[in-house]
Structure formats: structure tokens, C-alpha cells
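The values are calculated or read from the model by the stated rules, or taken from the named source; none is laboratory data. In this text, all values refer to a predicted model and were calculated from it rather than measured experimentally. As a convention, Cβ positions derive from the backbone with ideal geometry for all residues, glycine included, and neighbour counts pool all protein chains shown. Surface accessibility is based on the protein's heavy atoms, side chains included, excluding ligands, DNA and RNA. Shrake-Rupley method; radii C 1.70, N 1.55, O 1.52, S 1.80 Å.
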Amino acid sequence: MNRIYLRKPIKFLTAAAVMLLVSACNGSKTEGMQTIDSEINQFTDKMLTDLKEKNLADSGLIMVVNTHTGYIKAASEVGCANKNIMDNFRKSECSCAVKVATWLAALESGRITLNDTVDTNNGTYIVYGRALKDSPKNRHGKMNYHDSFVQQSNIATYMAASAAYKNNTDSLINGIRLTGLNVPKRNYKDRTEFVWASLGYGYKITPWEMIEYVNGIANGGTIVKLMSLNGLVQVVEDRMADARNIQGIRQIFENKENLKKLNLPDGTQAGAICTVTAPPDSKSDAGYKVELYGYLPIDKPKYTVYICAYKQNADELYGAAGELYASMIKFLSVR
């Protein structure tokens with residue numbers, strides 16, 4: 001497979017630039033054509049429409065990507081104010097999915113391992129005079145980091161970041177950036193910012209960037225650029241992290257307990273992580289954001305999937321995202 005390697009930082013290429021790259025190389029007759037698979041896209045359109053019609057979401061997004069090439073096979077939206085579908089994936093927001101990058105950066109520091117023990121107490125931990133809480137639905141107490149990350153523990157995520165980067169927010173941000181996620185740099189002065197930065201509330205990032213990142217994990221540590229036109233595969237980062245740490249993160253995605261929380265049946269040959277990001281404040285009308293990042297099959301992933309939905313009450317939304325993903329696994333597995 002032909003590839004070109006891009007130096008970071010990079011900018012999104014315009015369609016014209018991609019066409020110039022395409023015309024400059026010798027490849028298949030499909031180069032320059034859209035990567036969208038109409039059957040997959042029709043399926044994702046229907047899934048989102050059904051989700052909204054059942055009043056399970058106010059708005060939502062789905063993207064399906066070829067894991068190895070970064071080719072976008074489907075991109076759907078429902079209820080979004082911006083009807084330019086791709087623009088919705090480039091909207092910067094806070095996202096708790098950044099926890100995944102915090103976990104990988106902490107492992108890459110060499111100061112923690114997934115087998116180290118962490119104590120999340122009873123699900124509440126006081127840091128800098130404020131209570132940091134975990135979901136009451138998850139397991140609490142002493143466990144190793146692997147199990148605590150499966151629980152998506154806020155406390156364990158902060159503790160891992162703290163152990164790795166000594167509560168220095170700039171160091172944490174640099175650590176995350178070294179794994180391939182270009183989170184924004186700025187001058188962090190308040191020490192409490194470290195807590196929220198480790199959990200994804202300290203800065204904004206686009207779904208597009210996070211899809212590329214998770215796709216890189218599914219792709220064995222190689223980040224490829226998302227593309228909507230056929231052409232050269234563009235490698236953004238060919239080694240996100242040590243192979244053992246990439247595999248360690250994948251084991252969290254593929255963990256049976258993690259998949260069970262999404263009501264996926266035993267034996268599901270897919271990985272996934274599903275996070276809930278709270279509104280920026282109590283007066284916000286943005287609602288909760290549920291994001292699911294997944295890939296399938298486990299052995300040599302072919303597709304990476306992103307599901308995002310917004311609603312004022314996230315209780316039903318989390319389960320709905322899992323059901324939607326189950327339907328997508330069944331549909332994509334035979335393609």
C-alpha cells in the first residue's frame with residue numbers, strides 16, 4: 001500500500017491539495033473518487049434517524065473509517081444545526097474520551113504500569129479541596145490500573161496522571177501530545193487545572209482528531225489521516241507509543257466487563273470505550289454528550305466506528321449507544 005509520511009504539526013489538506021497528490025502518483029483507477037460506501041452510509045443514516053425518532057437523542061453523529069487507510073466509509077448526522085456533515089466532526093468541545101490519551105501518556109512515562117494498584121476509596125476523593133467522584137454504578141476500592149480504567153474511574157485517571165507527571169499540567173499536555181494527540185498548548189497557572197485536564201475538561205478537541213487517535217490505537221500504533229477522497233494513505237504518526245502500551249489500551253477496549261456495560265453479547269469480536277461528558281455548566285442547554293469509539297474485528301481491525309449523541313438525560317442514551325453499536329457490528333462484520 002502506497003503511503004506518504006507527514007511531519008507534525010499538520011493542517012487538514014483541501015480537496016484540491018488531495019487531488020494534486022492523487023494526480024502525482026501511480027495508483028488505482030479509483031483515486032480521486034469519494035471514499036464513502038453508500039450502503040454503509042445509508043445504514044448509519046437510518047440508525048441515527050431511528051435514535052432521534054425514538055426520542056433517545058436530540059442530535060448525533062456517526063463516522064465509520066477504514067482502520068488501515070483512514071478512508072471515511074460513512075459520515076452521518078441528525079439534528080445538528082450545521083448541515084455540512086464533515087464540519088460537525090471538526091467542532092471543538094470538551095470530551096472525556098481524552099481519558100484514553102491520559103492513560104496512554106501515563107503508561108508511556110514509565111512511572112506506572114497497568115498492574116500497579118490504585119485505591120479509589122468509596123468512589124470519592126478530595127483533591128485541592130474539591131470532591132472528585134466516580135460513577136456510583138462502577139466498582140470502587142483497591143484494584144489495578146487496568147481494572148480501574150475499565151471502570152473509567154476519574155479518580156484512577158487523575159492518580160495515574162499525577163504519578164506520571166507530578167501534577168504538572170504542561171508536562172501532562174506534552175506527554176499526551178507525544179502520543180499523537182495534538183491537544184492545545186497554553187500557560188496553565190492554576191494547579192487544579194491538572195485534575196480537569198487529565199479528565200478531558202481542561203481543553204477542547206475535535207471528534208475528528210480523537211477518531212484519528214483511536215483509529216491509530218486500533219491500527220497498532222500508526223495514526224493515518226482521515227480522508228474522504230481516495231489517494232495515498234497519509235501517515236501522521238507511525239509510532240504513537242511502545243507496542244506493549246498500545247496493546248494494554250486495546251485490552252481495556254476489548255475487556256469483557258467493559259463490553260458488558262454496553263450490553264454487548266459475550267464473544268463480541270470488537271473493542272469499544274463509551275464516555276459521558278457533562279454539560280459545561282448547570283445552565284447550559286447543550287445536554288450530556290455520549291461518545292462511543294470502537295473497532296472491529298479484534299483480530300486485524302477493519303473498521304473504526306465513532307458514535308456521538310446529545311441529550312439532556314444521559315441515562316437512556318448510554319444504553320442506546322451500545323445497542324446502536326451492536327447493530328453496526330452485525331452489519332459491518334459481513335462486509
Show me, for the range 218-225, the HN-Hα J-couplings you get by feeding each phi into the Karplus relation (A = 6.51, B = -1.76, C = 1.60, θ = phi - 60°), rounded to Hz, glycine and proline as x. 5, 8, x, x, 10, 8, 10, 6
For the range 115-260, state what percent of all Cα-Cα pairs lands in each successive 10 Å bin, counting from 0 Å until the bin that includes the largest distance. 11, 35, 37, 14, 3, 0
For the chain, accessible area per residue (1.4 Å probe, heavy atoms of protein chains only), Å²: 46
Which three lengths, in whole Å and largest first, does the range 98-196 cover when its Cα atoms are put on their principal axes? 34, 29, 20
Within the range 303-335, whose backbone N sits under 18 Å from a point 7 Å along Cα→Cβ of Met86? 306
Normalise the Cα radius of gyration of the range 216-310 by 2.2 N^0.38 Å (N = residues in it) and let me know the number. 1.26
Difference of contour (0.36 nm per residue) and Cα-Cα distance, Trp196 to Leu178: 4.5 nm
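Please grab the % of Cα pairs in the range 153-195 that end up more than 16 Å from each other. Intermediate values should be presented prior to the final figure.
Working: 316 of 903 pairs.
Result for the distance tail: 35 percent.
Count the net charge of all other residues whose Cβ sits under 14 Å from the Cβ of Thr169, scoring Lys and Arg as +1 and Asp and Glu as -1. Walk me through the numbers before you get to the answer.
Numbers: positive: Lys166, Arg177, Lys185, Arg186, Lys189, Arg191; negative: Asp170, Asp190, Glu193.
In short, +3.
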Rounded to the angstrom and largest first, Cα extents along the principal axes for the chain equal 60, 45, 40
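Considering every pair of different Cα atoms, what Kirkwood radius, in Å, is found for the range 33-175? Walk me through the intermediate numbers first.
On the way: mean 1/r = 0.0555 Å⁻¹.
Value: 18.0 Å, from the Cα pair sum.
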Computed FRET value (nearest 0.05) for Asp315 with Asp266, which takes r as the C-beta separation and R₀ as 30 Å: 0.80
Which value in deg cm²/dmol, rounded to the nearest 500, describes the helix-derived mean residue ellipticity at 222 nm for the chain, given -39,500 (n - 2.57) per DSSP H run of n ≥ 4 and division by the residue count? -10500 deg cm²/dmol
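Once the piece of chain linking Lys256 and Lys133 is laid out straight, how much longer is it, given 0.36 nm per residue of separation minus the C-alpha distance between them? Write down the numbers at each step before the final one.
Numbers: separation 123, 0.36 × 123 = 44.28 nm, distance 2.39 nm.
The span from Lys256 to Lys133 would gain 41.9 nm if fully extended.
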For a quick check: with amide H placed at 1.01 Å from N, whose amide H comes under 5 Å from Glu93's, ignoring anything fewer than 5 positions away on the same chain? Ile205, Thr206
Taking the Cβ of Lys142 as the centre, find all other residues whose Cβ is under 13 Å away and add up their charges (Lys, Arg: +1; Asp, Glu: -1). -2
Efficiency of FRET from Cβ geometry, Glu39 and Asn115, R₀ 51 Å, rounded to 0.05: 0.70
Step through the residues of the range 40-51 one at a time and calculate ³J(HN,Hα) from phi using the Karplus curve (6.51 cos²θ - 1.76 cosθ + 1.60, θ = phi - 60°), rounding each to whole Hz and writing x for Gly and Pro. 5, 5, 5, 5, 5, 4, 5, 4, 5, 4, 4, 4
Whole-Hz Karplus couplings 3J(HN,Hα) for the range 81-93, θ = phi - 60° and coefficients 6.51, -1.76, 1.60, Gly and Pro as x, run 5, 8, 7, 7, 3, 5, 4, 5, 7, 10, 7, 7, 8
Out of residues 5 or more away from Ala74 or on other chains, whose amide H comes under 5 Å of its own, with H placed 1.01 Å from N in the peptide plane? Asp37, Val64
Could you check the simple spin-label distance between Lys204 and Ser333, using points 7 Å along Cα→Cβ, in nm with one decimal? 3.9
Starting from the Cα gyration tensor of the range 227-275, multiply each eigenvalue by 5, take the square root, and state the resulting semi-axes largest first in whole Å. 27, 17, 9
From the protein chains alone at 1.4 Å, what is the descending order of accessible area for Val183, Val334, Val276, largest first? Val334, Val276, Val183
